[in-house]
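Right, one structure below, let's go through it.
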Amino acid sequence: MSDIAAIKEKYSGEIAAADNLAGLDEIRVAALGKKGEVSMMMRGLGQMSPEEKKVMGPALNGLKNEIAALVESRKSALELDAMNAALASETMDMSLPVDTSMGTLHPVQQVMEEMAVIFSDMGFSVAEGPDIEDDFHNFTALNFPPGHPARDMHDTFFMTPDAEGEQKVLRTHTSPVQIRTMINQKPPIRIIAPGRTYRCDSDQTHTPMFHQVEGLVIEEGTHMGHLKGVLMDFVSAFFETDVDVQFRPHHFPFTEPSAEMDVRYERDGAAIKIGQGDKWMEILGCGMVHPNVLRACGIDPEVYQGFAFGMGVDRLAMLKYGMPDLRDMFAADTRWLGHYGFSPLLQASLATGLS
Ligand code: DAH
């Protein structure tokens, strides 16, 4: 029995002195590992007389448990020390001034945030979809049947067909997010889908990669009046002034009836002023969701209807903030970003101003 007391004293001293986790684990193995001192003593129980066993069994078990508990509590203490040391060395001085010359928000990012603020105030949430789309979501479910001439207007980038012969595309618009949302979500639906889109086109007002925001509302009683109201409120909030609009009949495969919305504007030298004036500029497409589109997503067009709209973010950014050439937007020129970029510290808000 005195052996046990001596062993306990030896290990408790060693455990208390252990100053790192690896060292502590070596001590644990020396005592309690397969060939550890205490384990070997426990193995000796088999050769003892029943009387000896009655005494030594519980004593050795107690020793084992005590050493294990000491190891555990030392381990927690060492881990806590390590965390405190890390916390002490990783402090940040929150009172340091922020270096705003380090970077700016890209106008596209800024405008997308402004749009999200305006539409979330009207009860819309933000949905997303992949940039690489399949034919079903980008075209077929949107009522562009295979071989339909409207597909050609999209100057599509096609991916190399995969092993099964399926040919994906870089999405040509954000409308496929409508399809993904309607398939995965039950009405009522009220979403916007901002994101990158791609078409094989490049000049002063087109870049092969550009940005769109899609909108979709599906509810039982939704009608064209709601569509007009939402979009009229949107443009006035976005341009932060009263904007006069007109809706012109148009055609899109996925809406019926379809329209384009124009805003009134005037030229002031080189600058364009949106809101009033004697000229009209088209800024978005919209319409009531085509029954074929609802059907392709498993929604009964006899029960539900809704509206959709889509607009180019980059163009709206150019109009609002006066950039002359779309291609500059994606040239990654820090002088341009310094001039047209926005402070990362200011949050767009309807209460304090969008920009
Ligand atoms: N997807 C169209 C395009 O890229 C834009 C559009 C028009 C979206 C009308 C819509 C819509 O949802 O209703 O040209």
When you check GLY338 against the structure, is it in contact (Cβ under 8 Å) with a residue 60 or more places away in the chain, under 29 Å from the mean Cα position of the chain (by Cα) and farther than 22 Å from PRO194 by Cβ, yes or no? yes
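Which count do you get for residues in the stretch 247-305 that are β-branched (Val, Ile, Thr), under 22 Å from HIS154 (Cα atoms) and not in a strand (DSSP E or B)?
1
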Can you name the condition, by its number, that LYS35 falls short on among (1) over 50 Å from the mean Cα position of the chain (by Cα); (2) loosely packed, with under 11 Cβ neighbours inside 10 Å; (3) modelled with pLDDT under 90? (3)
So for the stretch 230-237 (the condition being surrounded by 14 or more Cβ atoms within 10 Å (Cβ to Cβ) and of a type in the set (D, E, K, R)), does at least one residue qualify? yes
Filtering the stretch 273-317 down to residues that are of a type in the set (Lys, Arg) and in contact with an Asp or Glu (Cβ under 7 Å, 6 or more places away or on another chain), which residue is surrounded by the most Cβ atoms within 10 Å (Cβ to Cβ)? LYS273
Give me the residue from the stretch 220-249 that is under 26 Å from the mean Cα position of the chain (by Cα) and closer than 21 Å to ALA127 by Cβ and, out of that set, farthest from the ligand (Cβ to nearest atom). ALA237
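Hey, can you tell me all the residues within the stretch 141-168 that are of a type in the set (A, V, I, L, M, F, W, C) and either within 13 Å of the ligand (Cβ to nearest atom) or within 16 Å of GLY310 (Cβ to Cβ) (or both)? Don't jump to the end; show me each part of the working.
Filtering the stretch 141-168 down to residues of a type in the set (A, V, I, L, M, F, W, C) leaves 141-142, 144, 150, 153, 157-159, 163.
Scanning the stretch 141-168 gives ALA141, LEU142, PHE144, ALA150, MET153.
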Near pairs, Cβ below 7 angstrom, 6+ apart or cross-chain, from the stretch 296-324 (outside the structural domain of PHE238 (by TED's automatic domain parsing) and within 12 Å of the ligand (Cβ to nearest atom)) to any residue that is modelled with pLDDT of 95 or more and in a strand (DSSP E or B): none
Scan the stretch 154-163 residue by residue and report those that are surrounded by 11 or more Cβ atoms within 10 Å (Cβ to Cβ) and either of a type in the set (A, V, I, L, M, F, W, C) or not in a helix (DSSP H, G or I) (or both). ASP155, THR156, PHE157, PHE158, MET159
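Taking MET94, is it over 30 Å from LEU316 (Cβ atoms) and part of a loop (DSSP other than H, G, I, E, B)?
Numbers: over 30 Å from LEU316 (Cβ atoms): yes; part of a loop (DSSP other than H, G, I, E, B): yes.
Here the answer is yes, as MET94 does meet what is asked.
The values are calculated or read from the model by the stated rules, or taken from the named source; none is laboratory data. Only a predicted model underlies this, so the values are computations on that prediction, with no experimental measurement involved. A quick note on method: Cβ atoms are made from the backbone with ideal geometry, for glycine too, and the neighbour counts reach across all protein chains shown.
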